[in-house]
Structures are given as C-alpha cells and as structure tokens.
1. Among (1) at pLDDT 85 or above; (2) under 22 Å from Pro36 (Cα atoms), which single condition is Asn114 missing?
2. Exactly one condition in (1) surrounded by 22 or more Cβ atoms within 10 Å (Cβ to Cβ); (2) over 26 Å from Ile155 (Cα atoms); (3) not assigned by TED's automatic domain parsing to the domain that holds Val136 is false for Val196; which is it?
3. Identify all residues within the stretch 119-131 that are in a helix (DSSP H, G or I) and either acidic (Asp, Glu) or in contact (Cβ under 8 Å) with a residue 40 or more places away in the chain (or both); write none if there are none.
4. Between a residue in the stretch 132-161 that is outside any helix (DSSP H, G or I) and any residue that is at pLDDT below 90 and surrounded by fewer than 16 Cβ atoms within 10 Å (Cβ to Cβ), which pairs come within a Cβ distance under 9 Å, given they are 6 or more apart or on different chains?
5. Can you tell me which residues in the stretch 220-239 are over 15 Å from the mean Cα position of the chain (by Cα) and modelled with pLDDT of 85 or more?
6. Check the stretch 30-41 and report whether any residue there is in contact with a helix residue (DSSP H, G or I) (Cβ under 6 Å, 6 or more places away or on another chain) and touching a residue at least 12 places away in the same chain (Cβ under 8 Å).
7. Yes or no: Ala80 among the small types (Gly, Ala, Ser) and touching a residue at least 12 places away in the same chain (Cβ under 8 Å)?
8. Can you name the condition, by its number, that Leu167 falls short on among (1) out of contact with any Leu (no Cβ under 8 Å at 6 or more places or on another chain); (2) aliphatic (A, V, I, L, M); (3) touching a residue at least 24 places away in the same chain (Cβ under 8 Å)?
Amino acid sequence: MLRLINFAHSEIFMLGTLGALFAASLLGYHAGDATPALTGLVVFLIVGTLFAATLAGGGAILLERLAYRRLRHRGAGRLAALISAIGASFAMQEMFALRYGRDALQFPRVLDKNRLFSLFDANVRADKVVVFVSAVVMMLLLDQFVQRTRLGRGIRAVAQDPETATLMGVDIDRVVVLTFLLGGIMAGVAGVLFEVFRETTRFNVGFLYGIKAFTAAVLGGIGNLRGALVGGLVLGVMENYGAAIFGNQWRDVVAFVLLVVVLMFRPTGILGESLSQGRA
C-alpha cells in the first residue's frame, strides 16, 4: 500500500515467535517435556495465537509510528523510508539479543511429528499439514477481508491512488495503522506456526525468511495477495527441488536465482498483470 519495503517486518515475525514462547511458558510447556494431548495442543494454539498476534500487532503499530509516519507526513522518498526500516530492523534484533542472548531459544514440542502419509515419496507430517492448512485459511480470510469489507476497500483505494482516496474522505493515517496492525497479526500467527514446525527462535530468526517473503511477493506480483501465495508455493517447491538436485547448501541460491529469472522475463510477477489492470 505504501509502495515501500517494510524491511523490519521480519522482526515483527520474530516478535510473533517470542509471543508463542511466552504462551508456552505460561501454559507450563518447556523444552524437553512430553508432547501434550490434543486438548493441550488446541489450548496452546488459541493462547499462543492471542499472545503472538497481540505482541506482533502492537510492535507493528509502534514501528509505523516511529519509523514511517513522520517520514510520510514530510513527503520523504522511498529511500529514506527503506533506510529507516533497515535501522528499525537491526535495532529490534539487537534489543532481542541484549535481553535473551544470541543463542537459539528452544521451544517445546506441542505436536508429534508423525508421518501421516506419503505423497510422491515425500513424507507428510502432522505439523506440515497444520501449517499448510492454516496458511490457506489465513489467505482466504485476508483476501475476503480486503475484497469485501469497508476497511479493505479503503486499503485498496489508498494503494491505487492515495490523493484521490483522501479527497473521497478516507483517513490515510487510520488506514495505514490498521494495515500495519493487520500485517502484524498475520506475522504473529505465522510465528506460532513457525514454532510448531521449527521449535526454535533467536534474535535474527526472521531475517532470511523476511527476504524470502519479499521474494515470494515479487514472484507473485507486488500488491497482489493471491500472487503472494502463489509466489510462496512456487518458491518453496523450487527450493526443495533445487536442494534435491544440487544439494541442500544450494537451497537459497536456487531461490534468488529464480527471482532474477522471473523478473527478467516477467517483471510484473506471475499474477502482477491483474493488479496493473486494476490500477488502470
């Protein structure tokens, strides 16, 4: 919406993982404990999501107030906003490191990683199913929110033409804050799912994932929600195929080479054309 890269969004995701860790500690779950029963898993997912979404959403609002709002009001360029975001990103990382150290923090296992079935010789585990289904549900809810609600229409109006949106009575600051809040909540939920899957966090846990998230958004078409989902799926599949063919150490190389190739032949991304037509 702001036509800039929120480089510090990866640290909002990091706050989400921290919120999930707080929730697990509150519920009495600790690394090395036996996996809780199904009821315990459901309770953790509910409480963990509330904690993570609150912490990440609050962090996103604070980030918008401190790193972006004043620059936007003064008409600063995108480069100034990008530098501000990079500074905020490293500041949040270092604050986490000062408080919790630079070593990885272990997360309790809340879901057994049992194989449910095989698909084309790939083992499909319970935690992978939870992450995949949750991601699809989140995408559907977000897409319907943006397409059908009044705030969603305001977000799309500001994204397409902020000056005209202002003339039509749209409160730009309110829309921007609520958009940051929504993005923070989504990052918080992603932090919970990440902990269920990876079971660890650290001060810079979101750095590489944040870059890959932007890569997925560019692949799908910047500003296109459905394109971001498609870009993420394409990126994940190609990463794993690349790791299988060239070795796991080439996983990140494959991801970013794919980005360059796609931009060479389709600069708008996979689904970027629909966004351009919508703006036209």
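The values are calculated or read from the model by the stated rules, or taken from the named source; none is laboratory data. Since the model is a prediction, treat every value here as computed from it, not as a measurement. Ideal geometry is used to build each Cβ from the backbone, glycine not excepted, and the neighbour counts take in all protein chains shown.
1. Every condition holds for Asn114 apart from (1).
2. Val196 satisfies all of (1) surrounded by 22 or more Cβ atoms within 10 Å (Cβ to Cβ); (2) over 26 Å from Ile155 (Cα atoms); (3) not assigned by TED's automatic domain parsing to the domain that holds Val136 except (3).
3. Scanning the stretch 119-131 gives Asp127, Lys128, Val130, Val131.
4. Asp161/Arg279
5. Val234, Val237, Met238, Glu239
6. No; the residues of the stretch 30-41 include none that is in contact with a helix residue (DSSP H, G or I) (Cβ under 6 Å, 6 or more places away or on another chain) and touching a residue at least 12 places away in the same chain (Cβ under 8 Å).
7. So Ala80 does not fit the description; no.
8. Among (1) out of contact with any Leu (no Cβ under 8 Å at 6 or more places or on another chain); (2) aliphatic (A, V, I, L, M); (3) touching a residue at least 24 places away in the same chain (Cβ under 8 Å), Leu167 violates only (3).
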